[in-house]
Amino acid sequence: MPQNGKPKAKTGTSLMSGALSGLTSCVILQPLDLLKTRLQQGDSSLAALNVKSSKLTRDFMSKGRTAELAKLILKNDGITGLWRGTTPTIARNVPGVALYFASLNQLRSVLPNSTGGNLIAGATARTSVGFVLMPMTVVKTRMESSLFKSQGIPAAIREILATQGPKGLFAGFWPTTIRDAPTAGIFLVAYEQAKHMLSFTKWMPQSTKDASAGAFAAGFSTLATAPFDTIKTRRQIQPEKYTRIMQTASLILREQGPVGFFRGVTLRCVRKAASSGIAWSIYEGLIRKYS
């Protein structure tokens, strides 16, 4: 038993639990991720679809409605178009979630069980894993975007290296880090608080409590850091236009106003809430069973 009183799960169990939860959530929720990326990339998301000017197109351009974008994708790419980018999502999320849970388990076993300890553990685990998997994050974002032709992971990596060099595989790393570090820290604090409050709800199954706490914490932390996610997406799909964090922020503000920073935020909140609910209920359940 570690000093802070938390039972430490076996590393193998944490890795297995994280991998399974990551695979489940990313396959089920990929359409939400794709729609979020298309909304964040800006009005070019419609131009790249080669859709003729119409009331539907003008409606979307002015209001950014998700339903219209989904209809356009279905019309041009079919139902499978909503799962574009699933392969790099799996390649990133399965090892990413596995490593995140394993490293988080290790950190929480030595850090104090407090708000500060949870902030440090969450931020450190997320940032470290994010750096290792950044190249796959860039590939995933490009493959979800309509600005690039559909291609496999190796071809996408070769194109990035040919046009931008190795640094292209880490485009958007700093806005990602600025987003992920506080998001992960805030998430873990909110998750523990939600779990504590739900512990008094005796009628609710433990798996439901875990899922509810994960969904609440993810929605809260995601909303708080939404602008950095938009900046990250722009940097990754149009690095020739969006070159630095402040320059990207200025362009978004000038072209779309403050609301531009929150394009796709509803989708991202729903996606993250659902993903975290699935991931943490599976993870906590397997940890209880096999540790």
On the given criteria, is Phe220 under 29 Å from Met16 (Cα atoms) and open to solvent by 60 Å² or more (accessible area, probe 1.4 Å)?
yes
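Give the residues of the stretch 118-135 that are of a type in the set (A, V, I, L, M, F, W, C) and either outside any helix (DSSP H, G or I) or surrounded by fewer than 21 Cβ atoms within 10 Å (Cβ to Cβ) (or both), sorted by residue number. Steps first, answer last, please.
As a first pass, look at the stretch 118-135 and keep what is of a type in the set (A, V, I, L, M, F, W, C): 119-121, 123, 125, 129, 131-134.
If the condition is that a residue be of a type in the set (A, V, I, L, M, F, W, C) and either outside any helix (DSSP H, G or I) or surrounded by fewer than 21 Cβ atoms within 10 Å (Cβ to Cβ) (or both), then Leu119, Ile120, Phe131, Val132, Leu133, Met134 are the ones that fit.
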Determine, yes or no, whether Val138 is within 26 Å of Gly81 (Cα to Cα), out of contact with any Asp or Glu (no Cβ under 8 Å at 6 or more places or on another chain) and either open to solvent by 40 Å² or more (accessible area, probe 1.4 Å) or not in a loop (DSSP other than H, G, I, E, B) (or both).
yes
Which of the residues spanning the stretch 188-217 are surrounded by fewer than 15 Cβ atoms within 10 Å (Cβ to Cβ) and more than 17 Å from Ile287 (Cα to Cα)?
His196, Met197, Ser199, Phe200, Thr201, Lys202, Trp203, Met204
Being modelled with pLDDT under 75, surrounded by 14 or more Cβ atoms within 10 Å (Cβ to Cβ) and of a type outside the set (Val, Ile, Thr) is true for just one of Gly96, Gly85, Gly64. Which residue is that?
Gly64
With the structure loaded, tell me whether Thr230 is open to solvent by less than 50 Å² (accessible area, probe 1.4 Å) and either under 14 Å from the mean Cα position of the chain (by Cα) or at positive phi (or both) or whether it fails that test.
yes
Index of the failed condition, Arg244 passing every other in (1) surrounded by 19 or more Cβ atoms within 10 Å (Cβ to Cβ); (2) more than 22 Å from Phe101 (Cα to Cα); (3) basic (Lys, Arg):
(1)
Which of the residues that make up the stretch 141-185 are closer than 22 Å to Arg84 by Cβ, of a type in the set (A, V, I, L, M) and open to solvent by less than 20 Å² (accessible area, probe 1.4 Å)?
Ala156, Ile160, Ala171
I'd like to check something: does the stretch 177-197 contain any residue that is modelled with pLDDT under 85, hydroxyl-bearing (Ser, Thr, Tyr) and under 23 Å from Gly122 (Cα atoms)?
no
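Residues checked against (1) more than 20 Å from Phe173 (Cα to Cα); (2) modelled with pLDDT of 85 or more:
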site	(1), (2)
Ala102	yes, yes
Asn105	yes, yes
Ala123	no, yes
Thr137	no, yes
Glu144	no, no
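The values are calculated or read from the model by the stated rules, or taken from the named source; none is laboratory data. Being a predicted model, the structure only gives us computed values, none of them experimental. Don't worry about glycine lacking a Cβ; one is built from the backbone with ideal geometry, like all the others, and counts go over all protein chains shown. Side chains included, ligands, DNA and RNA excluded: accessible areas come from the protein's heavy atoms. Shrake-Rupley method; radii C 1.70, N 1.55, O 1.52, S 1.80 Å.
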